[in-house]
Amino acid sequence: WIDETWLQISKSHFVLQEYKDATDKFKFVVNFYKGDKSSYEAKIWLSKLHVINRDFADAKILLKELEDLLEQQAEAKNDKDGAKKKKPRSKRARKRARKNAKKEKKEAPDEFPKKLMDDFYLANANFALAKDSLNGAAENIEKALEFKINSKRKARLYFILGQIYQRLGNSGKAVENYSNCLKKNASYEMQFYAKINRALASGAASGEKLKKGLMKMLKDEKNLEFKDQIYFALANIAFNEGDKDLGLD
């Protein structure tokens, strides 16, 4: 459990924004526990630190190392599956094969944990966003969503995807992801902004339905402090529909 303890200490420094201490301790885990699954997680966190410090070259190296590892392990698994079809016939050959398999397993690095796959793709998305690669970020977030993630985190990822596609000018995908966010366990504030952004992204598409939803939000006392933004969203819909006077009003 010592490697896990070092990881927790490193993460604590990260959360406290003590980035120098976090970097030193994550590097310790990477170097001291080479080939251990703890080192893979430490590399993911280190890549985030490098992005924060604008050390993009170092972040790219770490993420590439993890990507290469995943490819190698996938290839090894395919080779192993293929080798299963050809079992040794003699008793001696089978015994030797088992012995070799145990040796290889002992010497081989740990398999990359499935529970870290979403973190790996999100680290890549984080790197892509820092480099202003919106398409790359969207692609990696969508890959992360293929794995098991709790509903609250999924809501946030769908919201971010909605923002990315909105910036890319892909209204259809933006509306789709904001709608997905609303189906998940999002906070009230996130739900509000998902509705507003969905209305802004939609334009004339599904305008009537969204306008009714926004008008309903105006009547809700919980949205009192957000009324200006609701009217702003309604104005944008009006402009997109060509109704300049209503938009100005």
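The values are calculated or read from the model by the stated rules, or taken from the named source; none is laboratory data. These figures come from a predicted structure and were not determined experimentally. Here Cβ is always computed from backbone atoms with ideal geometry, including for glycine, and neighbour counts include all displayed protein chains. Heavy atoms of the whole protein, side chains included, go into the accessibility calculation; ligands, DNA and RNA do not. Shrake-Rupley method; radii C 1.70, N 1.55, O 1.52, S 1.80 Å.
Of note:
- Extension gain, L70 back to K131 (0.36 nm per residue minus Cα-Cα distance, nm): 19.6 nm
- Accessible-area order (highest first, 1.4 angstrom probe) of the listed residues R54, R153, R167, R198: R167, R54, R153, R198
- Taking S179, S151, S47 and ordering them by how much accessible surface each has at a 1.4 Å probe, largest first, produces S151, S179, S47.
- Percent RCO, i.e. relative contact order, over the chain, from Cα pairs under 8 Å lying at least 6 residues apart: 11
- The accessible area of M217, taken with all protein chains in place and a 1.4 Å probe, comes to roughly 20 Å².
- Charge tally in the Cβ shell below 13 Å around K154, where Lys, Arg are +1 and Asp, Glu are -1, K154 excluded: +3
- Estimated at the nearest 10 Å², the accessible area of V15 is 110 Å² with a 1.4 Å probe.
- Scattering curve values for the chain, log₁₀ I(q)/I(0), Debye with Cα scatterers, q = 0.10, 0.11, 0.12 Å⁻¹: -0.67, -0.76, -0.85
- Among the helices of the chain, none built from whole DSSP H runs has Cα atoms reaching 30 Å or more along its own axis together with a mean Kyte-Doolittle hydropathy of at least 1.6.
- Net charge, E4 excluded, C-beta distance under 14 Å - Lys, Arg +1, Asp, Glu -1: 0
- Taking all protein chains together, K34, K64 sort by accessible area into K34, K64, largest first [probe 1.4 Å].
- Counting only residues at least eight positions apart within a chain, or on another chain, the aspartates and glutamates with an alpha carbon under 16 Å from that of K222 are E189.
- Counted charge near I196, where neighbours are those whose Cβ lies closer than 15 Å (Asp, Glu -1; Lys, Arg +1): +4
- Remark: the D110-D21 segment gains 29.4 nm on full extension, using 0.36 nm per residue and subtracting the alpha carbon distance.
- Anisotropy class of segment 129-189 from Cα gyration tensor, a/c 1.5 cut: oblate
- Which listed pairs, of K11/K183; K37/K115; K11/K77, have C-alpha distances above 22 Å, in listed order: K11/K183; K11/K77
- Amide N proximity, segment 172-193 versus E241 label position 7 Å along Cα-to-Cβ, cut-off under 17 Å: none
- Value of relative contact order over segment 208-249, rounded to a whole percent, pairs C-alpha under 8 Å and six or more apart: 29
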